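Participant: Would you mind keeping the following structure in view while I ask a few things?
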Amino acid sequence: MPTSATAAAIGGLGIYLPEKIVTSQALDAELGLRSGWLEQNCGVRQRHVVSGAETQEYMGVEAGRAALADAGLDAGDLDFLLFAAAVGRQPIPATAPLVKQMLGAGDRPFPAYDVNATCLSALVALDLAAMLINAGRAENVLVVTSEIASRALPWRSDPRTAGLFGDGAAAIVVRSARPPAACSLGAVHMETYAEGYAFCELRAGGTRYDFQNERETFAANAEFEMHGAALYRLTSEAAPGFIARLLEKADWRQQDVDLVVPHQASAHALAHIIKRCGFPAEKVIDLVAELGNQVAASWPIALFKAREAGRLKPGMKVLLLGTSAGVSLGGATMVA
């Protein structure tokens with residue numbers, strides 16, 4: 001059955017991209033690979049990488065300020081702040097309170113906490129923000145997502161995986177849409193296929209390994225590992241049915257969709273959306289070659305870039321899609 005319309009809308013967008021750009025050609029030379037190998041195998045020509053004072057929280061705050069300005073608000077107008085990322089600044093405390101403090105709202109009592117659904121973190125936070133607004137508990141919610149994905153990568157053992165990732169941040173102001181407003185949010189749907197739990201892992205840093213007693217084991221598990229073939233097989237089999245169920249919730253037909261803004265997982269993943277899921281290439285935002293996979297920040301940055309390029313037009317029916325480690329598929333609908 002179709003879901004009832006939400007009372008929430010995207011009221012502002014902002015992004016931050018690190019100044020430093022690292023090309024795949026430069027990495028080929030550094031790693032002793034044949035020139036063109038990384039781009040050919042990853043589909044990524046270049047990616048932004050943090051340097052100097054560009055911390056995770058700095059990027060998030062800059063994106064947050066831009067989103068607030070875009071919405072015509074300041075931090076004092078917020079009711080909630082949600083920080084959404086696969087990996088935060090540190091395990092304790094959450095990153096959100098620091099972002100709130102750096103935005104100049106440290107003396108304001110509104111809640112600030114983290115949301116972690118790996119690559120789907122920003123989409124889950126968007127859904128949570130809409131629920132808070134629909135429940136009458138908030139009028140303005142700031143979702144901040146910032147990722148330094150260029151660290152803990154297996155450059156020597158698996159450059160094909162390491163070459164996928166880049167750094168960046170985005171922020172979304174979610175606000176009340178009473179009466180209905182532009183960029184109104186609609187149906188949200190998520191499914192988890194837990195049999196894929198071990199397909200993407202960063203095993204050290206939590207409770208699994210005790211640094212005090214297992215330092216060598218801890219260090220040996222401090223790099224990201226991905227079983228790409230198994231992950232692709234699971235998500236490719238699940239995606240068509242998942243999208244059909246999301247569209248059913250929204251009471252949309254596939255041909256109604258004007259624009260698809262997916263998580264920029266890889267060139268291979270986006271090609272799958274185009275081929276197997278039945279969306280024409282011209283309707284799919286594809287920035288993998290220029291930005292790489294920016295984890296939770298990927299689709300919000302892609303949405304910002306689509307608007308910047310004039311591809312997000314009033315009245316368009318927009319599909320936001322993503323996948324995450326674990327493995328989950330998630331999506332949302334929006335009318336621009």
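The values are calculated or read from the model by the stated rules, or taken from the named source; none is laboratory data. Since we're looking at a predicted model, the values are computed, not measured. Glycine also receives a Cβ, built like all others from the backbone with ideal geometry; neighbour counts cover every protein chain displayed.
Participant: When both residues are 6+ apart or on different chains and their Cβ atoms are under 7 Å apart, which pairs have a first residue that lies in the range 158-177 and is assigned to a helix (DSSP H, G or I), and a second that is of a type in the set (Gly, Ala, Ser)?
Facilitator: These pairs meet every condition: 161/228.
Participant: For the range 128-155, how many residues meet the condition of being of a type in the set (D, E, K, R), touching a residue at least 24 places away in the same chain (Cβ under 8 Å) and either surrounded by fewer than 22 Cβ atoms within 10 Å (Cβ to Cβ) or in a loop (DSSP other than H, G, I, E, B) (or both)?
Facilitator: Taking the range 128-155 as the starting set, the residues that turn out to be of a type in the set (D, E, K, R) are 137, 139, 147, 151.
Okay, now just the ones that are also touching a residue at least 24 places away in the same chain (Cβ under 8 Å), so 137, 139, 147.
With the extra rule that they be either surrounded by fewer than 22 Cβ atoms within 10 Å (Cβ to Cβ) or in a loop (DSSP other than H, G, I, E, B) (or both), the set shrinks to 137, 139.
Here the count works out to 2.
Participant: If we keep just the residues of the range 40-56 that are touching a Gly at 6+ places or on another chain (Cβ under 9 Å) and part of a helix (DSSP H, G or I), which is farthest from residue 160 (Cα to Cα)?
Facilitator: 56
Participant: Which of (1) buried (at least 17 other Cβ atoms within 10 Å of the Cβ); (2) in contact with a helix residue (DSSP H, G or I) (Cβ under 7 Å, 6 or more places away or on another chain); (3) without any contact (Cβ under 8 Å) to a residue 40 or more places away in the chain is the odd one out, the single condition residue 88 does not satisfy?
Facilitator: Against the list (1) buried (at least 17 other Cβ atoms within 10 Å of the Cβ); (2) in contact with a helix residue (DSSP H, G or I) (Cβ under 7 Å, 6 or more places away or on another chain); (3) without any contact (Cβ under 8 Å) to a residue 40 or more places away in the chain, residue 88 comes up short only on (2).
Participant: Can you tell me which residues in the range 152-195 are within 17 Å of the chain's Cα centre (by Cα) and either among the charged types (D, E, K, R) or closer than 30 Å to residue 27 by Cα (or both)?
Facilitator: 164, 165, 166, 167, 168, 169, 170, 171, 191
Participant: OK, next. Just checking, does the range 279-293 include any residue being more than 30 Å from residue 314 (Cβ to Cβ), β-branched (Val, Ile, Thr), at pLDDT 95 or above and out of contact with any strand residue (DSSP E or B) (no Cβ under 8 Å at 6 or more places or on another chain)?
Facilitator: no
Participant: Pick out the one residue from 70, 74, 79 that is touching a helix residue (DSSP H, G or I) at 6+ places or on another chain (Cβ under 8 Å), among the charged types (D, E, K, R) and within 20 Å of residue 15 (Cβ to Cβ).
Facilitator: Values: 70 fails: touching a helix residue (DSSP H, G or I) at 6+ places or on another chain (Cβ under 8 Å); 79 fails: within 20 Å of residue 15 (Cβ to Cβ).
Answer to the selection: 74.
Participant: Any idea how many residues of the range 252-278 are touching a strand residue (DSSP E or B) at 6+ places or on another chain (Cβ under 8 Å) and surrounded by fewer than 19 Cβ atoms within 10 Å (Cβ to Cβ)?
Facilitator: Applying the first criterion (touching a strand residue (DSSP E or B) at 6+ places or on another chain (Cβ under 8 Å)) to the range 252-278 yields 252, 256-266, 269-270, 273-274.
Those still in the list that are surrounded by fewer than 19 Cβ atoms within 10 Å (Cβ to Cβ) too: 252, 256, 258, 274.
Number satisfying all stated conditions: 4.
Participant: Residue 105 - would you say it is small (Gly, Ala, Ser), under 30 Å from residue 219 (Cα atoms) and not assigned by TED's automatic domain parsing to the domain that holds residue 219? Give the derivation first.
Facilitator: Values: small (Gly, Ala, Ser): yes; under 30 Å from residue 219 (Cα atoms): no; not assigned by TED's automatic domain parsing to the domain that holds residue 219: yes.
Spelling it out, it is not the case that residue 105 is small (Gly, Ala, Ser), under 30 Å from residue 219 (Cα atoms) and not assigned by TED's automatic domain parsing to the domain that holds residue 219.
Participant: Give the residue that is farthest from the chain's Cα centre (by Cα), with candidates limited to residues of the range 279-290 that are among the aliphatic types (A, V, I, L, M) and surrounded by fewer than 24 Cβ atoms within 10 Å (Cβ to Cβ).
Facilitator: We begin by selecting, within the range 279-290, every residue among the aliphatic types (A, V, I, L, M); these are 281, 284-285, 287-289.
With the extra rule that they be surrounded by fewer than 24 Cβ atoms within 10 Å (Cβ to Cβ), the set shrinks to 281, 284-285, 287, 289.
On the way: 281: 21, 284: 16, 285: 14, 287: 13, 289: 16 Å.
The extreme case among them is 281.
Participant: Could you tell me whether residue 202 is within 18 Å of the chain's Cα centre (by Cα), at pLDDT 95 or above, surrounded by 20 or more Cβ atoms within 10 Å (Cβ to Cβ) and closer than 25 Å to residue 168 by Cβ? Full working, then the answer.
Facilitator: Values: within 18 Å of the chain's Cα centre (by Cα): yes; at pLDDT 95 or above: yes; surrounded by 20 or more Cβ atoms within 10 Å (Cβ to Cβ): no; closer than 25 Å to residue 168 by Cβ: yes.
Here the answer is no, as residue 202 does not meet what is asked.
Participant: Just to be sure before I move on: is residue 73 touching a strand residue (DSSP E or B) at 6+ places or on another chain (Cβ under 8 Å), over 20 Å from residue 168 (Cβ atoms) and buried (at least 23 other Cβ atoms within 10 Å of the Cβ) in the structure I sent?
Facilitator: Values: touching a strand residue (DSSP E or B) at 6+ places or on another chain (Cβ under 8 Å): yes; over 20 Å from residue 168 (Cβ atoms): yes; buried (at least 23 other Cβ atoms within 10 Å of the Cβ): no.
Considered against the rule, which asks whether it is touching a strand residue (DSSP E or B) at 6+ places or on another chain (Cβ under 8 Å), over 20 Å from residue 168 (Cβ atoms) and buried (at least 23 other Cβ atoms within 10 Å of the Cβ), residue 73 comes out as no.
Participant: Go through the range 6-34 and report how many residues are more than 19 Å from the chain's Cα centre (by Cα) and of a type outside the set (Gly, Ala, Ser).
Facilitator: Going residue by residue through the range 6-34, those that are more than 19 Å from the chain's Cα centre (by Cα) are 6-8, 19-34.
Still in the running and of a type outside the set (Gly, Ala, Ser): 6, 19-23, 25, 27-28, 30-31, 33-34.
Residues in the range 6-34 being more than 19 Å from the chain's Cα centre (by Cα) and of a type outside the set (Gly, Ala, Ser): 13 in total.
Participant: All but one of (1) outside any strand (DSSP E or B); (2) modelled with pLDDT of 95 or more hold for residue 1, so report the exception by its number.
Facilitator: Status for residue 1: all satisfied but (2).
Yes/no matrix, rows are residues, columns are (1) in contact (Cβ under 8 Å) with a residue 12 or more places away in the chain; (2) part of a helix (DSSP H, G or I):
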position: 15; (1), (2): yes, no
position: 35; (1), (2): no, no
position: 38; (1), (2): yes, yes
position: 67; (1), (2): yes, yes
position: 73; (1), (2): yes, no
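Participant: Tell me whether the range 227-236 contains one or more residues that are of a type in the set (Val, Ile, Thr), part of a helix (DSSP H, G or I) and in contact with a Ser or Thr (Cβ under 9 Å, 6 or more places away or on another chain). Steps first, answer last, please.
Facilitator: At the first step, the residues of the range 227-236 found to be of a type in the set (Val, Ile, Thr) are 235.
Retained after the next criterion (residues that are part of a helix (DSSP H, G or I)): 235.
Checking the rest, the ones that are also in contact with a Ser or Thr (Cβ under 9 Å, 6 or more places away or on another chain) come to 235.
Looking through the range 227-236, at least one residue is of a type in the set (Val, Ile, Thr), part of a helix (DSSP H, G or I) and in contact with a Ser or Thr (Cβ under 9 Å, 6 or more places away or on another chain).
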